[in-house]
Amino acid sequence: MDRALLLGFVLILAAAVGGTIAVASSRPHERARRPKSPRETSRSRRQTGAPTTATELVISKAPIAEAGSTMTAVLTQQVEEVSPEESGMTRRRFFNRAAGSLFATYGLVLGTSMLAFFWPRLSGSFGTRVDAGPIKDLKALLTTSDGQPSFAVVSEARAYIVPVSEPELATSQFAQPGLEVDGVMALWWRCVHLGCRTPWCASSIGFECPCHGSKYNLLGEYEAGPAPRNLDRFAIELTKDGRLIIDTGTIVQTPRAPSQTVEYPRGPSCI
Ligand code: FES
């Protein structure tokens, strides 16, 4: 999974857990502070046998503390109903809090997504340096079982790896530092006309764009169609341990090839 997305999920999860803990820990405190609602008061009274009407008089008798007196005094206590406003948790307040929580969660998710989107990608994806793997494994894919030239795909770099021999390179437009390494080049698979992905055609041994019919040979040299130039290519290099690195941040454009360096088409076209 992408590192930035993973970070986003972790942040959301941490916020959710933190919020749940905060709410859970605050409830007993709030309950202790908050006056009882009428329903709670009524329930409490029913359980204790207390009066349940809204405003009631509780009458009790107490002896007058005078020596020899047989009189009693009547004591009264008024029990008043607690209104919803006084109870501290009205329906309006509940919905206000719910709406606030909802907006806070939405803002958190939105902020995390934006952070993940703009998080710098330093390697491993398009626009950066992509490790395409051991070059010997890639080169093993560049020849078919019947000896025909072929290509390899590096999806993370949106690149085709194609073979190029020394003589071909010497007579092409691509004999410049950084475009060829150990007999391979890396082409951007994007058609230079309007950007369609240009698929491989095994019968003609080249790349043929189905969108408007541009055609390129094995090295990505322009052959036909509305494309204004050859397929673009990436700078590449080889690590000490033999891995091919494709620098998808360095794109090299070349004009239409004046002549074909390699034969094309070698069979029927695919489009
Ligand atoms: S996009 Fe490839 S020919 Fe138009």
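The values are calculated or read from the model by the stated rules, or taken from the named source; none is laboratory data. What you see is a predicted model; the values in this text were computed from it and never measured. Virtual Cβ from ideal backbone geometry, glycine too; neighbours counted across all protein chains shown.
Restricting attention to segment 189-212, does a residue exist that is modelled with pLDDT under 95, of a type in the set (Ser, Thr, Tyr) and surrounded by 15 or more Cβ atoms within 10 Å (Cβ to Cβ)?
The answer is no; no qualifying residue exists.
Can you tell which of Arg233, Arg229 is within 15 Å of the ligand (Cβ to nearest atom), among the basic types (Lys, Arg) and at pLDDT 95 or above?
Details: Arg233 fails: within 15 Å of the ligand (Cβ to nearest atom).
Every option except Arg229 fails the conditions.
Being surrounded by 22 or more Cβ atoms within 10 Å (Cβ to Cβ) and under 28 Å from Asp146 (Cα atoms), is that true of even one residue in segment 246-254?
No, segment 246-254 contains no residue that is surrounded by 22 or more Cβ atoms within 10 Å (Cβ to Cβ) and under 28 Å from Asp146 (Cα atoms).
Applying the selection to segment 159-198, what residues are in a strand (DSSP E or B) and within 16 Å of the ligand (Cβ to nearest atom)?
Of the residues in segment 159-198, the ones in a strand (DSSP E or B) are 159-163, 181, 184-188, 190, 197.
Within segment 159-198, Tyr160, Leu187, Trp188, Arg190, Arg197 qualify.
Can you tell me which condition Arg158 does not meet? The list is (1) among the basic types (Lys, Arg); (2) in contact (Cβ under 8 Å) with a residue 40 or more places away in the chain; (3) over 24 Å from Asn217 (Cβ atoms), and all the others hold.
Failing condition for Arg158: (3).
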